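K.L.:
For reference, the structure I am asking about is given below.
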Amino acid sequence: MRFPRASGVLLHPTSLPGPHGSGDLGRDAYHFVDWLVAGGQKLWQILPLAGIGPGNSPYMSNSAFAGNQLLVDLDELYRQGFLDAEDLIPTPGMSAETVDFACMVPFRMDRLAKAAARFASHGTTAQREAFAQFAQEHSAWLGDYSLFMSLCESHHWRDWSEWEPELVAREPGALAAARAHHASRVAFWQFCQWSFYRQWMALKAYANGKGVEIIGDTPIFIAYLSAEVWSNQHLFDLTSAGRPRVVAGVPPDIFAVTGQRWGNPLYRWSEHAKDGYAWWVERIRRTFELVDIVRIDHFRGFAGYWEIPAAYPTAEHGTWVPGPGEGLFKAINKALGPIPIIAEDLGVITPDVVALRKKFGLPGMRILQFAFGSDASNHFLTHNHEHDTVVYTGTHDNDTVAGWWANASDRERNFARGYLGTDGHDMPWTLIREAMSSVADTAVHPMQDVLALPTECRMNFPGQESGWWGWRFQWSQVHSWHAGRLAELGRFYGRVAAAA
């Protein structure tokens, strides 16, 4: 699918300003949309909207369908009558510069619990009807998810394979008894999802109404400790005890000398094929309810993926195994029609990956930080770009451009200075301009690069399990010239209408 020529900014909602320890779906998100519009940006790219997992990563969520309850705007819950004014007073010590998860999570979870209890006891007829309608529309996943989360809590977040055997095996009687026993917590988790979806859909409608589309992110793999693995065990490569037999990752690369052992269970693709990849079709369909464009993370895994025996602690000792290939995307297209998907095709890319992407008309990705380490044949250099690509200065896994430039080798620096015609004094905006000038239909810039921020502000470091995902910006860092310069470059390079 050919994308219209446009540009946008990569910023996860947690990185927004706000008073409650983390960015959320409140007024600062709406202000950010307005800022994008002022800068002529037509796209807002985010990371997965699902709940966070180990290391606070949104790529290791406990559900492929549920939203992150920590993004719920507490002010909106107050306006709904579910919280009191004093509930909005932040805990002392909350940081405006970073997400202090140890402080933020209990604060927000406590307020969500209060709001759920207030809704249960004092919800209006209209609110109860809206909640019931939401529960009905999302019944395919909401029941399993809310029970799963309740059971995780009661089992102190142990792996579900260590629960009572009848719960591991999902015996109907045991599930019914658990739902009754944990009814209040099941209702709590459903309330959280209703609040998230209500708020997110309102924000998305606002953005779309302003001409801004949302680029979402779907990880190819999901976490073992997730509602979907527990409730669809036959679709995953598990042992008879319910443990992963093999896990996901990638072999050694420029990010990690021992590779990356992500630890996600792998799919039994033959089981998915038996019912026409129904689980994947539903996953993609539900994702497109939340966003306008989907970036599928680790697209190369659909052609072939790195299979690591679960007993190995690192990723060196793996094997390439064929993925589902064309079969999956034919099923998705048959069920959903042509849909705008970006293929994250970074890493070890073989001809079969390129062929699969091109067969289904999916744009790939080009990262400018990777462009200057070799010679003119480097396909990340702009003269080698193609229309069906999305060019980034960097992604959430990269250093900021300022940080990359500060640590670049002499070879990279010399090549970049000559290629870009610069002395290197303003590399973040030099690369933004280069991305804007590319023939690639889409250009995306992390907010950190728009603000020319250093290494300390990077979002993630692949292979490092903790210490990331916490960066936030403040509106005091944003000046009128930021939006003005984005709009100007957009006009120069045909990504903003000339009259804008």
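The values are calculated or read from the model by the stated rules, or taken from the named source; none is laboratory data. This is a predicted model, so every value here is computed, not measured. No Cβ is skipped: glycine too gets one built from the backbone with ideal geometry, and neighbour counts run over all protein chains shown.
K.L.:
Applying the selection to segment 32-72, what residues are polar (S, T, N, Q), under 22 Å from residue 9 (Cα atoms) and touching a Lys or Arg at 6+ places or on another chain (Cβ under 8 Å)?
P.N.:
45 - this is the single residue of segment 32-72 that is polar (S, T, N, Q), under 22 Å from residue 9 (Cα atoms) and touching a Lys or Arg at 6+ places or on another chain (Cβ under 8 Å).
This table checks each residue for (1) of a type in the set (A, V, I, L, M, F, W, C); (2) touching a helix residue (DSSP H, G or I) at 6+ places or on another chain (Cβ under 6 Å).
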| residue | (1), (2) |
| --- | --- |
| 137 | no, no |
| 141 | yes, no |
| 153 | no, no |
| 175 | yes, no |
| 200 | yes, no |
| 212 | yes, yes |
| 234 | no, yes |
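K.L.:
Separate question: Please find, within segment 313-350, the residue that is surrounded by the most Cβ atoms within 10 Å (Cβ to Cβ) out of those that are within 28 Å of residue 391 (Cα to Cα) and β-branched (Val, Ile, Thr).
P.N.:
Applying the filter and picking the extreme gives 342.
K.L.:
Now for a separate question. Being out of contact with any Leu (no Cβ under 7 Å at 6 or more places or on another chain), among the small types (Gly, Ala, Ser), modelled with pLDDT of 95 or more and closer than 21 Å to residue 323 by Cβ is the requirement here; does residue 276 meet it?
P.N.:
yes
Yes/no matrix, rows are residues, columns are (1) among the basic types (Lys, Arg); (2) buried (at least 18 other Cβ atoms within 10 Å of the Cβ); (3) over 25 Å from residue 463 (Cα atoms):
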{"site": "21", "(1), (2), (3)": "no, yes, yes"}
{"site": "25", "(1), (2), (3)": "no, yes, yes"}
{"site": "30", "(1), (2), (3)": "no, no, yes"}
{"site": "43", "(1), (2), (3)": "no, yes, yes"}
{"site": "86", "(1), (2), (3)": "no, no, yes"}
{"site": "99", "(1), (2), (3)": "no, yes, no"}
{"site": "106", "(1), (2), (3)": "no, no, yes"}
{"site": "113", "(1), (2), (3)": "no, no, yes"}
{"site": "116", "(1), (2), (3)": "no, yes, yes"}
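K.L.:
Now, a different point. Could you grab the pairs with beta carbons closer than 8 Å, sequence gap of 6+ or different chains, first residue in segment 299-310 and modelled with pLDDT of 95 or more, second one aromatic (Phe, Trp, Tyr)?
P.N.:
301/221; 302/329; 304/320; 305/320; 306/320; 307/320
K.L.:
Yes or no: residue 219 at pLDDT 95 or above and either under 24 Å from residue 339 (Cα atoms) or among the basic types (Lys, Arg) (or both)?
P.N.:
yes
K.L.:
Would you tally the residues in segment 274-321 being farther than 16 Å from residue 338 by Cα, aliphatic (A, V, I, L, M) and assigned to a strand (DSSP E or B)?
P.N.:
Adding up the residues that qualify gives 2.
K.L.:
Name the residue that is farthest from residue 174 (Cα to Cα), counting only residues in segment 203-240 that are among the small types (Gly, Ala, Ser), without any contact (Cβ under 8 Å) to a residue 40 or more places away in the chain and in a helix (DSSP H, G or I).
P.N.:
Going through the qualifying residues, I end up with 209.
K.L.:
Looking at segment 372-391, which of the residues that are out of contact with any helix residue (DSSP H, G or I) (no Cβ under 8 Å at 6 or more places or on another chain) and outside any loop (DSSP other than H, G, I, E, B) is nearest to residue 59 (Cα to Cα)?
P.N.:
390
K.L.:
Take residue 253 and tell me if it is without any contact (Cβ under 8 Å) to a residue 40 or more places away in the chain and in contact with a strand residue (DSSP E or B) (Cβ under 9 Å, 6 or more places away or on another chain).
P.N.:
Criteria not met by residue 253.
K.L.:
Which one is nearest to residue 339 (Cα to Cα), of the residues in segment 176-196 that are surrounded by fewer than 18 Cβ atoms within 10 Å (Cβ to Cβ) and of a type outside the set (Gly, Ala, Ser)?
P.N.:
Only one residue fits best here, namely 179.
K.L.:
Show me the helices (runs of 4 or more DSSP H) found entirely inside segment 56-170 where at least 3 residues are in contact (Cβ under 8 Å) with a residue 40 or more places away in the chain and either over 28 Å from residue 396 (Cβ atoms) or in contact with a strand residue (DSSP E or B) (Cβ under 7 Å, 6 or more places away or on another chain) (or both).
P.N.:
In segment 56-170, the matching helices (runs of 4 or more DSSP H) lie at 101-122, 125-137, 139-154.
K.L.:
Give me the pairs: first residue in segment 175-200 and of a type in the set (A, V, I, L, M), second residue part of a helix (DSSP H, G or I) and crowded, with 18+ Cβ neighbours inside 10 Å, beta-carbon distance under 6 Å, and six or more apart or on different chains, which are they?
P.N.:
Correct list of pairs: 186/146; 186/147; 186/150.
K.L.:
Only one of these is buried (at least 22 other Cβ atoms within 10 Å of the Cβ), of a type outside the set (Ser, Thr, Tyr) and over 16 Å from residue 468 (Cβ atoms): 66, 38. Name it.
P.N.:
The match here is 66.
K.L.:
Might you check whether a residue that is crowded, with 18+ Cβ neighbours inside 10 Å and at pLDDT 95 or above occurs anywhere in segment 251-259?
P.N.:
No, segment 251-259 has no match at all.
K.L.:
Mind checking which residues of segment 325-360 are more than 20 Å from residue 1 (Cα to Cα) and in contact with a strand residue (DSSP E or B) (Cβ under 8 Å, 6 or more places away or on another chain)?
P.N.:
347, 348, 350
K.L.:
Would you point out which residue out of 150, 139, 95 is surrounded by 12 or more Cβ atoms within 10 Å (Cβ to Cβ) and over 19 Å from residue 74 (Cα atoms)?
P.N.:
150
K.L.:
Same structure again: Would you confirm, using the coordinates I've provided, whether residue 394 is part of a loop (DSSP other than H, G, I, E, B), touching a residue at least 24 places away in the same chain (Cβ under 8 Å) and in contact with a Ser or Thr (Cβ under 9 Å, 6 or more places away or on another chain)?
P.N.:
Yes, satisfied.
K.L.:
Being surrounded by fewer than 21 Cβ atoms within 10 Å (Cβ to Cβ), among the polar types (S, T, N, Q) and part of a helix (DSSP H, G or I): is that true of residue 270 here?
P.N.:
Taking the combined requirement at face value, the residue satisfies it.
K.L.:
Test residue 51 against the stated conditions and say whether it is farther than 25 Å from residue 489 by Cβ, in contact with an Asp or Glu (Cβ under 6 Å, 6 or more places away or on another chain) and small (Gly, Ala, Ser).
P.N.:
no
K.L.:
Mind checking which residues of segment 351-384 are farther than 21 Å from residue 219 by Cα and crowded, with 23+ Cβ neighbours inside 10 Å?
P.N.:
368, 369, 371, 372 - these are the residues of segment 351-384 that are farther than 21 Å from residue 219 by Cα and crowded, with 23+ Cβ neighbours inside 10 Å.
K.L.:
Another one. So, in segment 79-109, exactly how many residues are touching a helix residue (DSSP H, G or I) at 6+ places or on another chain (Cβ under 6 Å) and of a type in the set (Phe, Trp, Tyr)?
P.N.:
Summing the residues that are touching a helix residue (DSSP H, G or I) at 6+ places or on another chain (Cβ under 6 Å) and of a type in the set (Phe, Trp, Tyr) in segment 79-109 gives 2.
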